[in-house]
Amino acid sequence: MTANSRCPTAEPPGLETQQREIDSLLRQCELRAGDTWYMVERRWYEQWKEFVETGDQNSSSFPGQIDNTELFDDLDSFHIKDRLVENEDFMLVPAEAWHKLLSWYGMVDGQPPLERKVVDLPSTVKVEIYPIELFLCLHSNMENVVTLQFSRTDNIYTIQRAMCAAFAVPVGSECRLWMKSSDSSCERLRNMHMSVLDACLSTGMTVVMETRNADGTWPSSRPQIMRNSVEEHDSYRGQPGVCGLTNLGNTCFMNSALQCLSNTPPLTEYFLRNSYLDELNFTNPLGMKGEIAEAYADVIKQMWSGRHYSVVPRIFKTKVGHFASQFLGYQQHDSQELLSFLLDGLHEDLNRVKNKEYIELRDADGRADQEVAKEAWRNHRRRNDSVIVDTFHGLFKSTLICPECQKISVTFDPFCYLSVPLPVSKERIMEVFFVSLDPHAKPAQHRVVVPKAGKVSDLCAALAEMTDVPPSQMVVADVFNHRFYKIYTSDESLSCILDRDDIFVYELSMSGEQQEEQVLLALYLRERSHYRDYGSGSSSYSTTLFGHPLLLSVPRSRFSQEALYDLFLQRLARYVRPPDPSDQLEEEEEEEEQYRSQSNGISDGDEEQKEEAKAGPSHTRARQAELNHTQPSLDGSDSDTPNGSHNQTEPVCPAGTDSADSTSDVSPGGLSPAEPGPEPAARQPQQPRDATEEELEEEKLDEACSPCSPANEQPAKRRAHHKRKKNLFTIQAVNSNGTTERGMGEGGSAVSFSSQPYVAIDWDPEMKKRFYNENEAEKYVKHASMDVPLQQTTVQLQECIELFTTVETLEEENPWYCPVCKKHQLATKKLDLWSLPEVLIIHLKRFSYTKLTREKLESVVEFPLRDLDFSGFLLRKTVSSEEPPSCYDLIAVSNHYGGLRDGHYTSYARHEDNGQWYYFDDSKVTFAAEEQIVTSAAYVLFYQRKDKIRKPTLPTPNTSSAPTAQLANDITSCSDGGTEAGVAASYITMETD
């Protein structure tokens, strides 16, 4: 008897028997999740009960066929009415009781049985009266909607099967479902084993199904493909896997890592065969809910579809940043760090172990290595079982020895890649510019060899051998953006100086005991703008730094305006032409006109003087100071020099210096070349008791550098003085940035004499154009040391592996807790290789970070492309026939060009199908020759075990019949607007991202 039987097929038993059997089933049956119950219309059921209770089969209460008409809202669709109540509108009977009633009485023709499932809800177990009713459609045709009902206990795969059947989707198509909620937002239904209830699906929701395109993309998220031409034709067919990756902005590190993994055959085949779909782990708390694995699969399938020049991995980049915040944004990162995260993320997303058991790690305690290694690997696989473990994980032996009690601890630990050190040289080559004391000598670029852990004094000593200048007469400075980024002392470490820094070494005049003590003065060059900076609330002129700054050793007696001007003019003699009398006269006439036209918009000078006279002497002095301050005068006198700072709002004249002689000698307590600190009291001039000696010295230097004139000098006198002398530039005391902050000079010093004194010479644009030779100022010569070719260090990969297995002492930041001594110890540690994986990743530790140094090692590591034999490095010298061989061939290389702060990543990879090597540079892919692969840029090496490498199935492309530039167009050479680094290794012009 089936549930769809309409008529009774056998004579029913007696009424008493019917009542007893049905009552027994109702009393004994319990609600169990997954069981089936049936709805029966209450009126029919009550009539049946009355019928069997009377005991008269000929009674008029005979119920007839089971009829649920009253439960249906529509007899065409047979949707049941809303808000039906159990025991009022219907009765529930277990499946066995239903089948008995159906066999005895049958059912009205056309009506479906109301079969309902028992569901285990979070708080109760109940019969599901109203199943979930979903609207189903395809992404390609969302107008064609099918309505189906599903139980809350059904899983998502049940919905997918129903949709494939309803829409005749070809067998074997890769599909994915989206839940479209009422607000039109969509969410992926990732876990096919999740129940409808857990997926939060409810009646009225729409489920959209899409099938993967032939080019590896999904219809809902196909990335914008960068094209060679205006349109990328669907007819494009390239070699699968020979596909570029668009640079999204400093993402070359990610592209390089992806290309290496893409050309790792066992991993790529795993994803192309869709094996990952059955192993996605959505419940692993250490994983990413399968999202990293799915995003990686999407990129790989696009790259290996053979239908793209270049793929835009934007979704993958977003997923990586979501689960690893260090990769958020578009800063440059390390390709090896991304590889480490990605391999770990793929492993956890694809871990076949759903519930990891706790396993206590055991020390060897004298047991044989073979036994301990087997136990360690077995324990590792009990918690970690994935395609990543199958492909990339190996085992090494770790031996720790306590230096105090000699306790030996032996453990066997798994690894996913080997990070091997490079031999580090103890010397360093630095390039510096030497600025001679001879003003007519151009700066000379030198290349010197210094100790890597040396000091600035070592740099000076090495340079002294080439220049015959004593190290005591040298000062080393880092010049950046026309200013001194830092002026070094002789005892500072050279590790503070990076290779990319512009280092200048200045020769200073001698400061013997018989000579007057010298002050180290930093000199900046600034150019004034043509207009005042009224918008900033100031009437001063803005300035711009230019040229190379200078360091000068100045005698104390020459700290006056005229003396400093002559000294600076002499020091700049190579590229500053001194004016002749005709130049000065012509400039006087122009300056006089400029004076009249720029007096704050007042053209009648006599009227202005009258107004000032009415206001009294103090107002006259203040107004004249403001006039001098805003006037772009080139007069070198103390009375009429403009302020060169765009922040200056007042003249740089200390308060209370009306009667000071601005041309008198000043002895500041500034830094000397050899020793910082204030001037000894014996050398300081006598000053009034009401001010400190240092303050008065500061005021005098301020006056020497300030554009202010003595306040008691009348305007007419100043104007007459203005015509007597013309200077090329004016002198201004500034801070280390080359600017003068608001308030400097208002009763205080323009420079701080507790630190390095800085001054600037300010040029009017026209004067700079006429007398300053910019081309000559930028010239320099190369010393013979620059012509000596750099000896590039070459090491063998085997040397790096030997260093990896060398005994080392643990650092203080990472001690080992000795179980015998009961305290942390700086134990000795030795690593030995025990077993190797199918694909061995070797990370060359080019970036060296210590307490004192940060550098990138540019050594060429010579690594074999074929037959890298690890048998000599394995701890087990005798390997059984069951063990795999330890001979490897190279399959991919991640390259890094540049330094610590920036750089560019590319990759080489061998294509499995045709055996050809390719060079991947973001969106560009070109052929590569084997002799191009071993370079100083090699950073991460991928080796595959030789016995696992299958022979190419396609012929090797002919790369000798066309030049490299043409080959680039033959493969993929679309421009993506990202960083480009040339078309092939031998034709590369490297750029940073």
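Temperature 37 °C, viscosity 0.692 mPa s: under these conditions the Stokes-Einstein estimate for the range 132-211, based on its Kirkwood radius over C-alpha pairs, is 265 µm² per second.
Taking 8 Å as the Cα distance limit and 6 or more residues as the minimum spacing, I'd like the relative contact order of the range 132-211 as a percentage.
45
Listed by chain and number, the lysines whose C-alpha is less than 17 Å from the C-alpha of Lys452, apart from same-chain residues fewer than 8 away, are Lys426, Lys851, Lys856. The calculated FRET efficiency for the pair Ser275 and Asp74, based on their C-beta separation and a Förster distance of 51 Å, comes to about 0.65. Taking each of Lys486/Lys845; Lys289/Lys354; Lys289/Lys319; Lys442/Lys768; Lys317/Lys354 in turn, the alpha-carbon distance tops 22 angstrom for Lys486/Lys845; Lys317/Lys354. With the Cα gyration tensor of the range 308-426 giving a ≥ b ≥ c as the square roots of its eigenvalues, does the rule (a/c under 1.5 for rounded; else a/b larger than b/c for prolate; else oblate) give rounded, prolate or oblate? It is oblate, given that a/c is not under 1.5 and a/b is not larger than b/c. Once both labels are positioned 7 Å from their Cα atoms along Cα-to-Cβ, the gap between Glu11 and Cys496 label points is 11.3 nm.
Taking the 1.4 Å solvent-accessible surface of the range 132-211 as the whole, the part contributed by carbon and sulfur is 51%.
Mean separation of Cα pairs under 8 Å and 6+ residues apart, divided by the residue count of the range 428-530: what relative contact order is that in percent?
28
Simple spin-label estimate for Val85 and Phe323 gives 5.1 nm between the two label positions (7 Å along the Cα-to-Cβ direction from each Cα). Of the accessible area of the range 15-119, computed with a 1.4 Å probe over protein heavy atoms only, carbon and sulfur atoms account for 39 percent. Given R0 = 22 Å, the distance between the Cβ atoms of Ser173 and Val146 translates into a calculated FRET efficiency of 0.80.
Packing, taken as the mean count of other beta carbons within 10 Å per residue, orders the peptides 809-816, 335-342 from highest to lowest as 335-342, 809-816. Taking a ≥ b ≥ c as the square roots of the eigenvalues of the alpha carbon gyration tensor, the range 15-119 is oblate, as a/c is not under 1.5 and a/b does not beat b/c.
The values are calculated or read from the model by the stated rules, or taken from the named source; none is laboratory data. None of the values given here were measured: they were computed from a predicted structure. Note that each Cβ is placed from the backbone with ideal geometry, even for glycine, and that neighbours are counted across all protein chains shown. The protein model used for the area step is the full one, side chains on, heavy atoms only, and it has no ligands, DNA or RNA in it. Shrake-Rupley method; radii C 1.70, N 1.55, O 1.52, S 1.80 Å.
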